[in-house]
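One structure below.
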Amino acid sequence: MSCAESPKSQHKRSGVYFATGLQEEERRAVHKRSFKVLEGLKKLNIQADQAPVIAVLGSGGGLRAHIACLGVLSAMKELGLLDAVTYLAGVSGSTWALSSFYTKNGNMQGIEEELKHRYEKNEWHFDESLDKAIQASRRENYSLTDFWAYLVVSRQTRELHDSNLSSFKKQVEEGVLPYPIFAAIDDDLQDDWREKKVQNSWFEFTPHHAGYPALRAYVPITEFGSRFENGKLVRPEPERDLTFLRGLWGSALADIKEDKAFIRDYFKDMHEKLKKKYLHRGGAKTVTYSNAEQMDVDEMFLDLLMAYAIDQDDPSIKDKLCVMQQALGPETGEFGKEMAEIIQNWNEISPEKKEQFLDYLLDYLKKPQEPITYSLRSIGNWIGDLFYDALTFVRKTGMCLWEWQWGTVYNFLYKHGNIADETMCNREFLHLVDAGLAINTPYPLILTPVREAHLILSFDFSAGDPFETIRVTADYCHQHKIPFPEVSEDQLKELAKSPKSCYILRGETGPVVMHFPLFNKDNCGDDIETWRKKYKTMKLSDSYTPSMVTDLLRVSKENVQKNKEKIVNEMREVTGKHGNFLRVNKSAYFGDRVQDIQQHRHDL
């Protein structure tokens, strides 16, 4: 059962706001958590008067990261280590694990049992997931993220969450669980990230807010996805469910070429399922247009839209349009003449005009018409409401696939007068995607000056080089003058050849970092590469056996169990001296944005 909203949350903040320090709700939750942290440290025989800020980070890695992160959380809870943690933060697959953790109120035993049960039974409800995806396609800002969330991520995790991120408030406000942070990045700023590692790229979600920490600009999480203008809410939308957010946070399982091929194949496989569900026609029979009189207009149109969605240059599309024209007959009047002209010039007209025509044809078929003689249908309108929604879903998904449009949400900074950066306030829509495309671990969200982490436990579930996240983070921190342990490229290359289960990185200032590669010589021996191949990122959940789930949980737990003493020692160390850490220079971190925010507060 999901957490209920606490009484303290009943006073709701509304609209865009700026925070010069920790936001008030987070500050109160972290303060409350500090008492639990002190109790947790005491149970580990660590005496402290003031609680250090200890953060656990989970990397991306698809289903591998999801299951392994659950294993880490389970081991940390069992060993009493989780009670000493202030923040839990994740990227991509780890966000799936964290959302399950909070949905079940941190009951790791129950989560593990349920996880194993789902993979023993091989359960996934396609019809329910499809209904959710079709509902989402009614939105103006539908994108591939919706398709991915309801039909891919829900299939991978075998979970379909109706609950919301705001439902986690009670447990974190009472300090019972660490404060969670979920990472994404702004896809429109990807070029700036690659060139300059701009901080504006990073976007965060918590049970209280969503926004840009580098700009210190946020909206309440309950209003994320609503329409804003000049900082004011102009059209509220229901809070997006966790399934959608999981799709947004975990939207990159491979490179673009692999993802495109995967989605096209997946979409192609849905063709027969859609016919069976909405037209009550099953079987894998391939339709031939030589006997098109045996088809109904709705089936023809589904076939046409599917072909166009998968390959806009498919030469059979023109033939399908010709058959549809014959099926519609002469009763189409002026529209029939226009349709004939479009078909005749199909190979020459622009993609935009083709899409406009298909949209118009869809609306035309929805309207009540006189019965036609060629089709077997004899009802007044050729396409019913439910099937119309399914066709709209196919049509919109095809458009998003060809435009490669992900994470489309309303920009809450749209036309905001207090944002100097025009890139941030001129866009009506944002495109938020998997933060693993930037850094596959959420270091930038924990290393902000307002959070002041003293010890970071970073669990790396990435494919390939287990030190890439350290390498990229060190570069990011160097560019922005953020304290982080210095690393040598030669040293990282050498370590990657045969990684151990734990590394401790220290700098003269800033947090201590403990880095835990998932597959290492301590838990895999000489078979590291075998384990990596066994748990590829793009591996579908259908091929995960119960024993694979159990094995992955085991090796991820071992990384905690084998290093408990090291973790406790580092907790003891930072507890004794955390007040002496050099803090990040906020002016250096935020630059001119500090002045913008102060001016905004003055204007208010």
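Sorting 352-363, 134-145 by their mean Cβ neighbour count within 10 Å, with the most densely packed peptide first, gives 134-145, 352-363.
With the cut-off at 1.5 for a/c, could you classify segment 45-95 from its C-alpha gyration tensor as rounded, prolate or oblate? It is oblate, given that a/c is not under 1.5 and a/b is not larger than b/c.
Net length available on complete extension from residue 49 to residue 79 is 8.6 nm, with 0.36 nm assigned per residue and the Cα-Cα distance removed.
Report summary: the helix-based calculation at 222 nm, which adds -39500 (n - 2.57) for every DSSP H run with n ≥ 4 and divides by the residues of the chain, gives -14500 deg cm²/dmol. The residue 117 and residue 234 beta-carbon pair, evaluated with R₀ = 41 Å, returns a calculated FRET efficiency of approximately 0.35. Taking a ≥ b ≥ c as the square roots of the eigenvalues of the Cα gyration tensor, an a/c ratio of 1.5 or more together with a/b no larger than b/c marks segment 425-557 as oblate. For the chain, carbon and sulfur atoms together expose 46% of the accessible surface, with a 1.4 angstrom probe and every protein chain in place. Surface analysis of the chain yields an accessible area of 42 Å² per residue, using protein heavy atoms and a 1.4 Å probe. Taking every alpha-carbon pair under 8 Å whose residues sit at least 6 apart, the chain reaches a relative contact order of 22 percent. In this structure, residue 139 and residue 564 have a Cβ-Cβ separation that, at R0 = 60 Å, corresponds to a calculated FRET efficiency of about 0.80. Among the trypsin sites (Lys or Arg not before Pro) found in segment 394-482, those both in a DSSP coil and sparsely packed, with 12 or fewer other Cβ atoms within 10 Å of their Cβ, are 481. Note on residue 404 and residue 508: the extension gain reaches 33.0 nm, defined as 0.36 nm multiplied by sequence separation minus the Cα-Cα distance.
Accessible surface for residue 264 stands near 60 Å², nearest 10, in the context of the full protein assembly shown (1.4 Å probe).
Cross-link partners of residue 497 among lysines, defined as those whose alpha carbon lies under 29 angstrom from its own and excluding same-chain residues fewer than eight positions apart: 197, 257, 521, 533, 534, 536, 539, 557, 562, 564, 566. Hey, with R₀ at 51 Å, roughly what FRET efficiency would residue 572 and residue 547 work out to, going by the Cβ-Cβ distance, to 0.05? Between residue 572 and residue 547 the formula returns 0.85. Its Cα centre serving as origin, segment 434-479 has a Cβ charge dipole (Lys and Arg +1, Asp and Glu -1) of approximately 140 debye.
The charge dipole of the chain, taken about the Cα centre with unit charges on the Cβ atoms of Lys, Arg (+1) and Asp, Glu (-1), comes to about 2000 debye, rounded to the nearest 20.
The values are calculated or read from the model by the stated rules, or taken from the named source; none is laboratory data. Bear in mind the structure is a predicted one, so any value in this text is a computation, not a measurement. Note that we place each Cβ from the backbone using ideal geometry, even for glycine, and neighbour counts take in every protein chain shown. SASA here: full protein model, heavy atoms, side chains in, ligands and nucleic acids out. Shrake-Rupley method; radii C 1.70, N 1.55, O 1.52, S 1.80 Å.
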